[in-house]
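Novice: Dropping the structure in here first, questions after.
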Amino acid sequence: MLEKNLIKLIRSLEQKKYRKRTSLFVAEGPKTVVDLMSRIKPKVILATHEWICPATKNEPERFITVTEGELSKASFLQHPQQVMGLFPIKQEPKVNELSPQQKLILALDGVQDPGNLGTIIRIADWFGVDTVACSYDTVDAYNPKAVQATMGSIARVNVLYTDLAQLFDRYAGVAPVYGTSLDGDSIYEAKLCNHGFIVMGNEGNGISMPIRQRISKKLLIPSFGNNETVESLNVAIATAITCSEFRRR
């Protein structure tokens, strides 16, 4: 039987303050859980009889077999997916270890939707960007909805929260700062390098003024449709297009 205290702990991790207090987060679904288990030793795994745990190098401290009904009580999903786990939150990389003068790093300025953030982390993984630097007002990457949207990429991509203005100032002169902007040069014609920061802004307001002032190269994703009916792209879609163009070069 699934203990009430464990259900209470899991449900509390929907809130950032409890994730911070316990240094734990929740992952659900076979792909996400298995990807995480390949990199991180889980504290607890809850799984139905139907789920067969693949061999991994990181066995859980506790493995609890549950019924579908018990899993539903703990799950954040409308339709639970056989398995969920509690994992320790990864240690953030240090700012002085980022090396933007050698590789591309995504920087997110005030992204608010956890689904967007999770998708961006998945996009970063796809395009070989191993670090996402987030402003302090960006939504928490370990929000259950964000973790779910990463589809396991949270296991492979490093996420850190920092003052982006200070971060860019630290690497000024050695790493370019690219940012999407309506007054930028077409990304399909601009000169791009294989290192530096790529800044993506808030869903409604775009890149904030302090960060905009530190952008060394403004990029525009041009519209080929009716600009009067389409205001802008979703930030995750814009990230995918931008990363694709950088890698294509």
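Novice: If I ask for residues that are without any contact (Cβ under 8 Å) to a residue 60 or more places away in the chain and in a helix (DSSP H, G or I), which ones from segment 15-32 would you list?
Specialist: LYS17, TYR18, LYS20, ARG21, THR22, PRO30
Novice: State whether one or more residues within segment 114-125 are over 9 Å from the mean Cα position of the chain (by Cα) and open to solvent by 50 Å² or more (accessible area, probe 1.4 Å).
Specialist: Checked segment 114-125: no residue is over 9 Å from the mean Cα position of the chain (by Cα) and open to solvent by 50 Å² or more (accessible area, probe 1.4 Å).
Novice: Considering only segment 91-172, give the helices (runs of 4 or more DSSP H) lying wholly within it that have at least 3 residues that are under 14 Å from THR239 (Cα atoms) and modelled with pLDDT of 95 or more.
Specialist: The helices (runs of 4 or more DSSP H) meeting that bar are 114-126.
Novice: All but one of (1) under 24 Å from PHE76 (Cα atoms); (2) crowded, with 19+ Cβ neighbours inside 10 Å; (3) in contact (Cβ under 8 Å) with a residue 60 or more places away in the chain; (4) touching an Asp or Glu at 6+ places or on another chain (Cβ under 7 Å) hold for ILE154; which doesn't?
Specialist: Status for ILE154: all satisfied but (4).
Novice: Taking interchain pairs and intrachain pairs at least six residues apart, which have beta carbon atoms under 6 angstrom, with the first residue in segment 180-193 and without any contact (Cβ under 8 Å) to a residue 60 or more places away in the chain and the second assigned to a loop (DSSP other than H, G, I, E, B) and surrounded by 11 or more Cβ atoms within 10 Å (Cβ to Cβ)?
Specialist: From segment 180-193, the pairs are SER186/PRO222; ILE187/ILE221.
Novice: Has segment 36-43 got any residue that is assigned to a helix (DSSP H, G or I), in contact with a Lys or Arg (Cβ under 9 Å, 6 or more places away or on another chain) and either in contact (Cβ under 8 Å) with a residue 12 or more places away in the chain or open to solvent by less than 40 Å² (accessible area, probe 1.4 Å) (or both)?
Specialist: Taking every residue of segment 36-43 in turn, at least one turns out to be assigned to a helix (DSSP H, G or I), in contact with a Lys or Arg (Cβ under 9 Å, 6 or more places away or on another chain) and either in contact (Cβ under 8 Å) with a residue 12 or more places away in the chain or open to solvent by less than 40 Å² (accessible area, probe 1.4 Å) (or both).
Novice: Condition (residue is among the small types (Gly, Ala, Ser), more than 21 Å from VAL159 (Cα to Cα) and open to solvent by 100 Å² or more (accessible area, probe 1.4 Å)) applied to segment 74-86: is it met by at least one residue?
Specialist: no
The values are calculated or read from the model by the stated rules, or taken from the named source; none is laboratory data. Note that this is a predicted model, so its numbers are computed, not measured. Using ideal geometry, Cβ is built from the backbone for each residue, glycine included, and neighbour counts are taken over all protein chains shown. Remember, those area values only see protein heavy atoms, side chains included, never the ligands or the DNA or RNA. Shrake-Rupley method; radii C 1.70, N 1.55, O 1.52, S 1.80 Å.
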